[in-house]
Amino acid sequence: MSGETNVMTGLANESLANESPLASFRLDDRLIVVTGSSDGIGRAFAESFARAGARVVLASRRQGKLEEVRQSILAAGGWAEVVVTDVGRLSDIRALAESVRRLAQDDDRRIVLINNAGLGFTKPALDVGEEDWRLLFDTHVKGAFFCAQQIAPLMIERGYGKIINMSSTWSRATDVGKSVYGAAKAAVSQLTAALSTEWAPLGIRVNALAPTTTMTDFVKGTMGANPDRAAKLLSRIKIGRFGQPSDLVGAAIFLASGASDFVTGQTLFVDGGFTS
Ligand SMILES: NC(=O)c1ccc[n+]([C@@H]2O[C@H](COP(=O)([O-])OP(=O)(O)OC[C@H]3O[C@@H](n4cnc5c(N)ncnc54)[C@H](OP(=O)(O)O)[C@@H]3O)[C@@H](O)[C@H]2O)c1
């Protein structure tokens, strides 16, 4: 695989000029680490990437759920490995990075990291406790930063890498009960821009996705329990429906693939017009 770019043509190599424009979206030359892939959006990403030919490393805390996802990927003819990881713990992240290095050693696949692990809850600012703060910032900000820091050296050795962080519309918009979650997601977007600056010369592109309310099993439960809040949220989405995990897959493929090689430091809002 050539990492050489002609600065005049912008092409990764001359042979690409003769390929279909869709060739730059291929994922079959990538090893993609997806944190938070036992459920929800991360599971949709992992299964979609594997169907597109990527090797996928599944990382979250619940081994049983991760094994279930791995089996579904294997049954569909894909490749996946499980590394049980709590992204709030640096020791787990170091172990994940070592596993990724071992799993990548047999070939020269391009490494992609999706910092997707996360959780969200709605809590009035006056009720937020220290543990709520710790949980949200440790999972979203500390987790994303140290996963990037620990896996980046392998990308740097290969002269190429992609990091996609999961931000949120609440990084920009506000709502009652979203102060700490929104602050953590704003930090994720700022980290995205900061790391993109630092690592662009090393071949690493760092971008973020910012979804609106997306119908995972967990979100379906919370919306079902609070129809008034669901109606208020829906009224802010101009396309007129909530997101589905599948709505994010195309944008994730774009940011994980060579099609976005000239894009870095961006937060892409996939939000049905919520923030526009
Ligand atoms: N759904 C939405 O409406 C929405 C909107 C905007 C942004 N987002 C963001 O999108 C991402 C995925 O959300 P989702 O809705 O798909 O959530 P989800 O369905 O609740 O799944 C969350 C995933 O994160 C994992 N996870 C949570 N804490 C973790 C930790 N400490 N270490 C490792 N893994 C952890 C969970 O696995 P384990 O329990 O096995 O660890 C699970 O796989 C999150 O960053 C979320 O903030 C979601």
Checklist entry - Say the cut-off is 25 Å between C-alpha atoms; which of Lys123/Lys162; Lys142/Lys220; Lys142/Lys238; Lys65/Lys123; Lys123/Lys185; Lys65/Lys142 go over it? => result Lys123/Lys162; Lys142/Lys220; Lys142/Lys238; Lys65/Lys123
Checklist outcome for this item: Zone reached by a paramagnetic label modelled 7 Å from Ser20 Cα along Cα→Cβ, restricted to the range 245-276 with backbone N below 12 Å, covers none
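Which order, highest average first, do 133-141, 74-82 follow once you tally other Cβ atoms within 10 Å for each residue and take the mean per peptide?
Answer by packing, highest mean first, reads 133-141, 74-82.
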Checklist entry - Between Leu119 and Val263, what is the label-to-label distance in nm when each label sits 7 Å out along the Cα-to-Cβ direction? => result 3.1
Checklist entry - What is the dipole size for the chain, taken about its Cα centre, with +1 at each Lys and Arg Cβ and -1 at each Asp and Glu Cβ, in debye to the nearest 20? => result 560
Checklist outcome for this item: Kirkwood calc, the range 156-245, C-alpha pairs only, radius in angstrom 14.8
Item to check | For the range 121-209, alpha-carbon Rg and Dmax in angstrom | outcome: 14.6, 48
Item to check | Cα-centre dipole for the range 118-276 with unit charges at Cβ (Lys and Arg positive, Asp and Glu negative), debye to 20 | outcome: 380
Item to check | Distant-in-sequence amide H partners of Ile163 (H built 1.01 Å from N, under 5 Å) | outcome: Leu113, Arg205, Val206, Asn207
Checklist entry - Under a Cβ-Cβ cut-off of 12 Å, what is the net charge of the residues other than Asp138 that fall near it, where Lys and Arg count +1 and Asp and Glu count -1? => result -2
Checklist entry - How do Leu126, Leu90, Leu255, Leu22 stack up against each other in accessible area, from largest to smallest, with a 1.4 angstrom probe? => result Leu126, Leu22, Leu90, Leu255
Checklist entry - Computed on alpha carbon atoms, what radius of gyration and Dmax characterise the chain, expressed in Å? => result 18.4, 60
Next on the checklist: So for the chain, averaging the separation of alpha carbon pairs under 8 Å that are six or more residues apart and normalising by length, what relative contact order in percent results?
Outcome noted: 18
Checklist entry - Ignoring any ligand, DNA or RNA, what whole percent of the accessible area of the chain comes from carbon and sulfur when the probe is 1.4 angstrom? => result 54
Next on the checklist: Just to confirm, what accessible area per residue do you get for the chain at 1.4 Å probe, in whole Å²?
Outcome noted: 47
Item to check | In sequence order, calculated HN-Hα J values of the range 53-64 (Karplus, 6.51, -1.76, 1.60; Hz; x Gly/Pro) | outcome: x, 6, 7, 10, 9, 9, 9, 7, 8, 8, 4, x
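The values are calculated or read from the model by the stated rules, or taken from the named source; none is laboratory data. A quick note: this is a predicted structure, and the numbers were derived from the prediction, not measured. Neighbour counts run over all protein chains shown; Cβ positions are idealised from the backbone, glycine included. When the accessible area is computed, the model is the full protein with side chains, heavy atoms only, and any ligands, DNA or RNA have been set aside. Shrake-Rupley method; radii C 1.70, N 1.55, O 1.52, S 1.80 Å.
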